[in-house]
Every structure is written in structure tokens, then in C-alpha cells.
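Peer 1: Starting off with a structure, shown below.
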Amino acid sequence: KLSGAVLVLLIELKLELEQRTERIDRSDQSMKQIAGKNEACHRLLEMPGIGPVTATAMVATIGNGSAFRKGRDFAAWLGVVPEEHSTGGKQTLWRIPRRGNKYLRMLFVQCARAVMQHKAKQSSGLSAWLMQLTARMHEKVAIVALANKLARMAWAVLVKNEAYRPPVLAA
């Protein structure tokens with residue numbers, strides 16, 4: 001019941017969608033190959049939530065992480081640490097400033113969302129920390145806090161040149 005022009009347009013759109021899907025699949029495969037060949041990316045892939053895209057983007061952006069003194073500096077540069085306004089010995093944390101590398105921050109927040117969806121399947125230490133975190137704050141705030149934690153752990157994996165060790169429960 002559709003006109004010939006509309007059918008031609010729909011067929012062209014379908015072909016374009018199939019071509020884009022093929023390009024995305026080829027890009028994913030090449031990204032996986034790059035991450036598999038790079039030793040630093042391979043170590044990052046062992047972390048929860050971090051995939052080939054995040055691992056390669058982090059290594060491409062900060063290299064071995066030696067430009068930052070500590071993980072908090074990297075997380076602050078990334079824009080996942082709350083602003084601090086302290087006076088008279090009273091510490092006040094404000095909003096997340098969202099400065100730094102927008103793409104890398106978005107990737108870490110997506111990683112945190114993925115980990116949050118499967119928080120019961122994580123290591124015992126991380127799972128317990130997530131349960132306590134979600135019990136006391138809103139889920140979106142907890143996701144950014146988890147992105148902060150993941151960024152710091154990823155920085156430590158790069159700088160120390162060691163494999164990822166999952167957090168354990170404190171005795």
C-alpha cells in the first residue's frame with residue numbers, strides 16, 4: 001500500500017543501516033585486537049566493567065598514568081570528584097564539576113552503570129561496598145562514586161604495572 005518512492009527510500013535506509021552495522025562490527029573487532037595486543041590494556045580489561053573501548057581510550061589518553069601523582073588527581077582531572085568548599089574547619093562537598101576529558105569520563109560512568117547492574121556478581125569487597133553505597137545515597141550519585149573508584153583503580157593498575165586485584169572485605 002506504500003508508494004514506489006517510499007519503498008525505494010525504505011530499502012535504501014535498510015541498506016545503509018546494514019552497512020553501518022557491518023562497520024561497527026569491524027571497528028569492534030579491531031578495537032578488541034588492539035586491546036588484546038597491548039599489555040596495559042590487557043591488565044585494564046581484567047577490571048569489572050572496563051571493556052576494550054575504555055581500556056584503549058585510557059591508555060591512549062594518559063599513557064602509563066605517570067602524569068598524575070595519585071589516583072585522586074587523575075579522578076579530579078577526569079571530573080568525577082566532587083568540588084570541595086571548606087571554611088573554618090568544616091568540609092562541604094558540592095557538585096561534580098564535569099571538567100576534564102568528557103569522552104573518558106562518559107566511558108567510566110558507563111562502566112560504572114554496567115557494574116552497578118551486576119553488583120551482586122562482583123568480588124565480595126566491591127559488592128559489599130556497592131550495597132552500602134546504594135543504601136545511603138541515590139543510585140545516580142552512587143554510579144558517579146563508583147566511576148570515581150574505577151578510575152582510581154584503573155590509574156593504579158597502569159602506574160604500578162600490576163594486574164588488577166579485586167577489593168576484599170575488611171575483617
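The values are calculated or read from the model by the stated rules, or taken from the named source; none is laboratory data. This structure is a prediction, so every number in the text was calculated from the model and none was measured. Cβ sites come from the backbone with ideal geometry, for glycine too, and all protein chains shown count toward neighbours. Just the protein is used for accessible areas: all its heavy atoms, side chains included, with ligands, DNA and RNA removed. Shrake-Rupley method; radii C 1.70, N 1.55, O 1.52, S 1.80 Å.
Peer 1: Applying the selection to the range 1-52, what residues are open to solvent by 70 Å² or more (accessible area, probe 1.4 Å), assigned to a helix (DSSP H, G or I), out of contact with any Pro (no Cβ under 8 Å at 6 or more places or on another chain) and within 26 Å of Ser123 (Cα to Cα)?
Peer 2: Glu39, His42
Peer 1: Quick one: in the range 106-130, of everything that is at pLDDT below 90 and either in contact with a His (Cβ under 7 Å, 6 or more places away or on another chain) or crowded, with 16+ Cβ neighbours inside 10 Å (or both), which residue is farthest from Val59 (Cα to Cα)?
Peer 2: That would be Ala128.
Peer 1: Here is a further query. Under 9 Å by Cβ, and 6 or more places apart or on different chains, what pairs join a residue from the range 1-27 that is more than 29 Å from Pro52 (Cβ to Cβ) with one that is surrounded by 10 or more Cβ atoms within 10 Å (Cβ to Cβ) and of a type outside the set (Gly, Ala, Ser)?
Peer 2: Between residues of the range 1-27 that are more than 29 Å from Pro52 (Cβ to Cβ) and residues that are surrounded by 10 or more Cβ atoms within 10 Å (Cβ to Cβ) and of a type outside the set (Gly, Ala, Ser), the close pairs are Leu2/Leu10.
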